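Take this structure first; my questions come after.
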C-alpha cells in the first residue's frame, strides 16, 4: 500500500517514543522525501523504513530522521553539522528549521547527487562537501548541533570538541551489527551523555570511525 506524506507524519507520532516537536513534524510534512530516493523507489518513499540510495548506503527511516532531529532540540538560530549527507534528505529536514546546515559526505557521487537534490528544492542554507566526516568540519565550528547518520565504534573526540557550549551531538554508538543512539551535550567544563534506544546504521568510515572494509 502506498503511504502518503501526511500518513507518514501521523506514524511518527505513534512511535514509542513518539516525535512530538512541532517544528520537526512541520519540517517532515514539508520535505518531499520522494525527491530524495531513486525513481524506482518513489512508491515506497513515505514508508517508515530506510531505502537504498546506492554505494551500499541508505536514506534513513523517516522516524529516525525525525527523532534525531528532535533530539537536537533545533531552533532557527542554530548552525548544525551533519555527518553523512547521503541523498540530502536529513539535511533538507534540518534546513527547514535551523539557520545553516554544513554536511559532509565521503562518497563523491552521493555528494554530487545531494547537491543536485537540495538545489532543485531551492535550499540556500545547506553547504555540502566531500571528506572524512569522522573528523568534522573544524574551520566552521563551533556548532550548536551535530547529527551523525552512521554508526561509530566510540564517540569521536573531534566531533565533541566542535560543539558549542550546550550544543548536542546525536550519534549511534556501538558495534557494526547494532548501535545505541546517544546524545552528548557539551557543558562548560565537561560532557553529558544520555543513551536512548537501539538502532542500526551503516558504519561511520574514517580516521575516528571504522576502517573501510571492516
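Kindly evaluate residue 39 against the criterion of being loosely packed, with under 14 Cβ neighbours inside 10 Å, modelled with pLDDT under 95 and either over 16 Å from the mean Cα position of the chain (by Cα) or over 21 Å from residue 197 (Cα atoms) (or both). Even if it seems obvious, please write down each step before you answer.
Values: loosely packed, with under 14 Cβ neighbours inside 10 Å: yes; modelled with pLDDT under 95: yes; either over 16 Å from the mean Cα position of the chain (by Cα) or over 21 Å from residue 197 (Cα atoms) (or both): yes.
Here the answer is yes, as residue 39 does meet what is asked.
May I pose another question? For residues that are farther than 21 Å from residue 181 by Cβ and either without any contact (Cβ under 8 Å) to a residue 24 or more places away in the chain or touching a helix residue (DSSP H, G or I) at 6+ places or on another chain (Cβ under 9 Å) (or both), tally how many sit in segment 132-160. Please lay out each step first, then the result.
Initial filter on segment 132-160 (farther than 21 Å from residue 181 by Cβ): 132, 135, 137-142.
Of the ones still in play, those that are also either without any contact (Cβ under 8 Å) to a residue 24 or more places away in the chain or touching a helix residue (DSSP H, G or I) at 6+ places or on another chain (Cβ under 9 Å) (or both) are 135, 138-139.
Of the residues in that region, 3 qualify.
Oh, and also: Going by what's in this entry, would residue 84 be described as surrounded by 22 or more Cβ atoms within 10 Å (Cβ to Cβ) and either at pLDDT below 95 or closer than 23 Å to residue 115 by Cα (or both)?
yes
Restricting attention to segment 105-126, does a residue exist that is in contact with a strand residue (DSSP E or B) (Cβ under 7 Å, 6 or more places away or on another chain), in a strand (DSSP E or B) and in contact (Cβ under 8 Å) with a residue 40 or more places away in the chain?
no
Within segment 157-169, count every residue that is buried (at least 22 other Cβ atoms within 10 Å of the Cβ) and outside any loop (DSSP other than H, G, I, E, B).
Restricting attention to segment 157-169, the residues satisfying the condition of being buried (at least 22 other Cβ atoms within 10 Å of the Cβ) are 159, 162-163, 167-169.
Remaining after also requiring outside any loop (DSSP other than H, G, I, E, B): 159, 163, 167-169.
Residues flagged as buried (at least 22 other Cβ atoms within 10 Å of the Cβ) and outside any loop (DSSP other than H, G, I, E, B) within segment 157-169 amount to 5.
The values are calculated or read from the model by the stated rules, or taken from the named source; none is laboratory data. Because the structure is a prediction, the values reported are computed rather than measured. All Cβ positions, even for glycine, are placed from backbone atoms using ideal geometry, and neighbour counts span all protein chains on display.
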